[in-house]
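Let me begin by presenting the structure, written as structure tokens, before commenting on it.
The values are calculated or read from the model by the stated rules, or taken from the named source; none is laboratory data. Quick caveat, the model's predicted, so the values are computed rather than measured. Cβ atoms come from the backbone with ideal geometry, glycine included; neighbour counts cover every protein chain shown.
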Amino acid sequence: MSARAEVFRPVAFDVDRIREDFPILREKVHGKPLVYLDNAATSQKPKAVIDSLVDYYSHYNANVHRAVHLLSARATEACDQTREKVRGFLNAASTNEIIFVRGTTEALNLVAQTHGRQNIQAGDEVLISGLEHHSNIVPWQMLCNEKQAHLRVVPIDDDGVVPLDRFAKALNARTRLVALAHVSNALGTVNPLAEMIELAHRRNIPMVVDGAQAVPHMRVDVRALDADFYAFSGHKLFGPTGIGVLYGKEKLLEAMPPFQGGGDMIRSVTFEKTEYNVLPYKFEAGTPDVAGIVGLGAALDYVSGIGIDAIAAYEHELLEYATQAISPLDGVRIVGTAPHKASVISFVIDSAHPHDVGTILDREGIAVRTGHHCAQPVMDRFQIAATTRASLAFYNTAAEIDALVAGIRKVQEFFS
């Protein structure tokens, strides 16, 4: 451990103890201790989550709803309990506002193909920003192409910020919907979401929020934000893959048609007519990912046990430490320097392609993400093809940041 790492000891946050809960952090990669800095892509899972999946499959694996046997009742109860945990985690008003989906991407597509199709007409505008992940661009492009509407983009500045004045000016009488990331997956920029939602609501424009990169790192209160729709993925919140959540205001969800047809989104079916189920089941066709829902519940318990505010404070200090360690390096440029960021540092190294950087770091046991991060317009804005992205979680340490810096120096030596 370096001298710098030794002085990084946030009060009341025992990261060494927390790391013991994550079995994969004891793995070695190419004979080196794993340094996992790819949390924006997916987070690692604590043993409590892993155990919850084993327990479900070992003791009460069954399909949910309608069946009267005990295993199905237990599985149904577990799903209901997780829905209530999500409601509390987001401070939603009702479990009717919590829809289980496969992830953020499906949630955004659900809103586009239901609320969007109902409310967007020819000549209307959907407003997004230059920060967006492809999952918050493509569904709106598809909708606008179908409806002969227009997709407008609020550009970002040189720091990777969506200026609030530009956002306000982009709202107009033709804007029917705004879709924004809470936190940029490529740059870590945190949008001033409450202010943006207020500006949109002054014009009675609903807001769809991609919260995939926010929920693991900060407190999200959908009622305080007054968000109309808010989506996140379980696998970025230390839960399983294949499960996510769409929050929507109940009055909006009630007005929306179903997204898919099939089992459990119905009350009754004849060949002449189908009567749809009540919320939230109207949007949950087919057998749900019961194991994923169980695992998500365990992940929420785990995160809540640590405390999301404690997590946010620790990660902020760790991000500051990493920024101060990387910024002075000659030949290294951080891309995305917003004053308010969360847990992401994207950078480029002179004369080294990010894919080569990632390969060399991997040989040192360091897992980072390289490429355009499903945010090609962000790369285009900075006139680069790709970056190397180090993304943090609460189980990362200052010593791992020091390992990353040492790895960057090895990359520079290789290309010198």
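Could we say that residue 49 is in a helix (DSSP H, G or I), exposed (fewer than 15 other Cβ atoms within 10 Å of the Cβ) and at pLDDT 95 or above here?
no
Set side by side, the residues 107, 92 differ, and just one is in the same structural domain as residue 139 (by TED's automatic domain parsing), at pLDDT 95 or above and part of a helix (DSSP H, G or I), which is 107.
Residues that are in contact with a strand residue (DSSP E or B) (Cβ under 7 Å, 6 or more places away or on another chain) and without any contact (Cβ under 8 Å) to a residue 60 or more places away in the chain within the stretch 128-139 comprise just one, 128. Would a scan of the stretch 152-172 turn up a residue that is of a type in the set (D, E, K, R) and over 25 Å from residue 376 (Cα atoms)? Checking the stretch 152-172: not a single residue is of a type in the set (D, E, K, R) and over 25 Å from residue 376 (Cα atoms). In summary, strands (runs of 3 or more DSSP E) completely within the stretch 302-416 and bearing 2 or more residues that are farther than 30 Å from residue 17 by Cα and out of contact with any Ser or Thr (no Cβ under 7 Å at 6 or more places or on another chain) occur at 332-335.
Filter the stretch 189-216 down to the residues that are part of a helix (DSSP H, G or I) and under 19 Å from residue 108 (Cα atoms) and list them by number. The answer is 193, 196, 197, 200. When the stretch 297-347 is filtered for residues that are in contact with a Lys or Arg (Cβ under 6 Å, 6 or more places away or on another chain) and among the β-branched types (Val, Ile, Thr), only 308 remains. In the stretch 159-185, the residues that are over 11 Å from residue 130 (Cβ atoms) form Cβ pairs under 9 Å with partners that are of a type in the set (Ser, Thr, Tyr) and assigned to a loop (DSSP other than H, G, I, E, B), at six or more places apart or across chains, as follows: 159/337; 183/343.
Scanning the stretch 360-416 for residues that are farther than 14 Å from residue 38 by Cα and of a type in the set (Ser, Thr, Tyr) yields a single hit, 416. Would you mind stating whether residue 25 is assigned by TED's automatic domain parsing to the domain that holds residue 393 and either in contact with a helix residue (DSSP H, G or I) (Cβ under 8 Å, 6 or more places away or on another chain) or part of a loop (DSSP other than H, G, I, E, B) (or both)? When the stated conditions are applied, residue 25 passes them.
Of the conditions (1) β-branched (Val, Ile, Thr); (2) surrounded by fewer than 19 Cβ atoms within 10 Å (Cβ to Cβ); (3) touching a residue at least 24 places away in the same chain (Cβ under 8 Å), residue 359 fails just one. Which one is it? If we test residue 359 against (1) β-branched (Val, Ile, Thr); (2) surrounded by fewer than 19 Cβ atoms within 10 Å (Cβ to Cβ); (3) touching a residue at least 24 places away in the same chain (Cβ under 8 Å), just (3) comes out false.
Only one of the numbered conditions (1) outside any loop (DSSP other than H, G, I, E, B); (2) touching a Gly at 6+ places or on another chain (Cβ under 9 Å); (3) farther than 15 Å from residue 91 by Cα is violated by residue 247, and that is (3).
Looking at the stretch 106-119, can you tell me whether even one residue there is without any contact (Cβ under 8 Å) to a residue 24 or more places away in the chain and under 21 Å from residue 235 (Cα atoms)?
Checking the stretch 106-119: not a single residue is without any contact (Cβ under 8 Å) to a residue 24 or more places away in the chain and under 21 Å from residue 235 (Cα atoms).
Filtering 337, 287 for residues that are assigned by TED's automatic domain parsing to the domain that holds residue 357 and surrounded by fewer than 20 Cβ atoms within 10 Å (Cβ to Cβ) leaves a single hit, 337. Of the set (1) assigned to a helix (DSSP H, G or I); (2) crowded, with 23+ Cβ neighbours inside 10 Å; (3) in contact with a Leu (Cβ under 9 Å, 6 or more places away or on another chain), all apply to residue 236 but (3).
Is it the case that residue 114 is in a helix (DSSP H, G or I), of a type in the set (Val, Ile, Thr) and within 16 Å of residue 246 (Cβ to Cβ)?
Yes, satisfied.
Of the residues making up the stretch 224-253, those that are over 19 Å from the mean Cα position of the chain (by Cα) and under 14 Å from residue 98 (Cβ atoms) number 4.
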